[in-house]
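Report on one structure; see the data block that follows.
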Amino acid sequence: MQLTLDRLTKRYGSKIALDRIDAAFEPGIYGLLGANGAGKTTMLRLICDIIKPTSGEVTFNGTNIREMGESYRAVIGYLPQDFGYYPNFTAMDFLLYMASLKGLNAGYAKKKSLELLETVNLSEVKDKKIKTFSGGMKQRLGIAQAFLNNPQILILDEPTAGLDPKERVKFRNLIRSYAEKKIVLLSTHIVTDVEYIADEILVIKDGTLLKKGTERTIIQEISGKVWECRVTRQEAERLENRFTVCSGKPENGEAVLRIVSDKNPCNAAVSVPPCLEDLYLYYFHGEV
């Protein structure tokens, strides 16, 4: 099973939202990492065949997805960044409704819906209206609907938005257990969402693919560019104005800083091994 992007491009007038992306995905978990507006959502909407590319193509097992039509949509599950729901539907009604749109058998749909509500910890409120749900509960319901048809390709756009830390850990465990023999694309700007579960990471900025590979491989880009130093608070303020500071904490009247910089930021700085968050800040410092 393979999903392939071949010079995939999307323009809106003079704006290039996605620029000639080449990538191939086989079963596994892929994290799309980038700031808001980097092109992640555009890429996922193209993969879902929701919007048409300006040029290039998406193929599944060698066939252009636009030629596959319903047979392609039957193998994908999608959680958009802002998924729509009917506020007066109950959680159970919503899943059954979504199952009918996916063409699922009624008996299977009911069984699967109950199973998924249990998985996302909503079984006790399955008969309550969605309008009474918190943001995190709605997000968990959205995750459940993406799993309804047991998709071969699971596409999740900012899936952990609104989830508390405990829910995010449970979600990551769910994705990891589900991903065997399936393609999972997870888009986020939250580093830890991909750090713990992604087999490969794609770094996207301004519509272009900067890096694709394992975490260990891509962070080598900034090897020798991450520094730690202990300085006075006055010196810390000066460094924060000049460099990208990943973290800083007070300690015994001084400040311990972690800095990403192409050059040694000060005499007190020592080089330390990089991590994925360092890489993110290296590329996206100043972006949201």
Practice task
Please tell me which of these pairs span more than 18 angstrom C-alpha to C-alpha: Lys126/Lys182; Lys52/Lys102; Lys225/Lys263; Lys15/Lys205?
Solution key: Lys126/Lys182; Lys52/Lys102
Fill in the blank from the handout: Measuring from the longest principal axis of the C-alpha atoms of the chain, the long axis of helix 135-147 (C-alpha) lies at a number of degrees, nearest 10, equal to 60 degrees
Handout entry: Partners for Lys166 among lysines (Cα-Cα distance below 17 Å; same-chain residues under 8 apart left out)
Key = Lys138
Fill in the blank from the handout: At q = 0.19, 0.24 1/Å the base-10 log of I(q)/I(0) from the Debye formula over the alpha-carbon atoms of region 184-254 is -0.90, -1.09
Exercise for the section: Would you mind getting the accessible area per residue of the chain, heavy atoms of the protein chains only, 1.4 Å probe, in Å²? Expected result: 49 Å²
Handout entry: Euclidean distance of C-alpha centroids, region 254-288 and region 115-177, integer Å
Key = 35 Å
Handout entry: Helix 165-178 axis, angle to the chain major axis (alpha carbon atoms, nearest 10°)
Key = 60 degrees
Practice task
May I ask you to list the trypsin sites (Lys or Arg not before Pro) in region 140-226 that are in a DSSP loop and have at most 11 other Cβ atoms within 10 Å of their Cβ?
Solution key: Lys181
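Of Tyr78, Tyr72, Tyr86, Tyr282, which has the most accessible area with a 1.4 Å probe, and how do the rest follow in descending order?
On the way: Tyr78 40, Tyr72 0, Tyr86 110, Tyr282 70 Å².
Largest accessible area first, the list is Tyr86, Tyr282, Tyr78, Tyr72.
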Problem - Length gained when the stretch Glu26-Glu67 is fully extended (0.36 nm per residue, less Cα-Cα span) - result: 12.7 nm
Completion exercise
Compactness check, the chain: C-alpha Rg relative to the 2.2 N^0.38 Å globular estimate gives 1.14
Exercise for the section: Enter the mean projected area of the convex hull around the alpha-carbon atoms of region 54-128, in nm², rounded to one decimal. Expected result: 6.9 nm²
Problem - Accessible area of the chain belonging to carbon and sulfur atoms, whole % at 1.4 Å probe - result: 47 percent
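How would Met92, Met137, Met1 line up by accessible area, probe 1.4 Å, largest first?
Met1, Met137, Met92
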Completion exercise
A chain fully extended from Thr232 to Asp93 at 0.36 nm per residue, minus the present Cα-Cα distance, gains in nm 44.1 nm
Problem - Calculated from backbone phi, Karplus (6.51, -1.76, 1.60) coupling profile of region 61-75 in Hz, x at Gly/Pro - result: 6, x, 10, 4, 5, 6, 7, 7, x, 4, 5, 6, 4, 6, 9
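The values are calculated or read from the model by the stated rules, or taken from the named source; none is laboratory data. Just so it is clear, the model here is predicted, and its values are computed rather than measured. Using ideal geometry, Cβ is built from the backbone for each residue, glycine included, and neighbour counts are taken over all protein chains shown. SASA here: full protein model, heavy atoms, side chains in, ligands and nucleic acids out. Shrake-Rupley method; radii C 1.70, N 1.55, O 1.52, S 1.80 Å.
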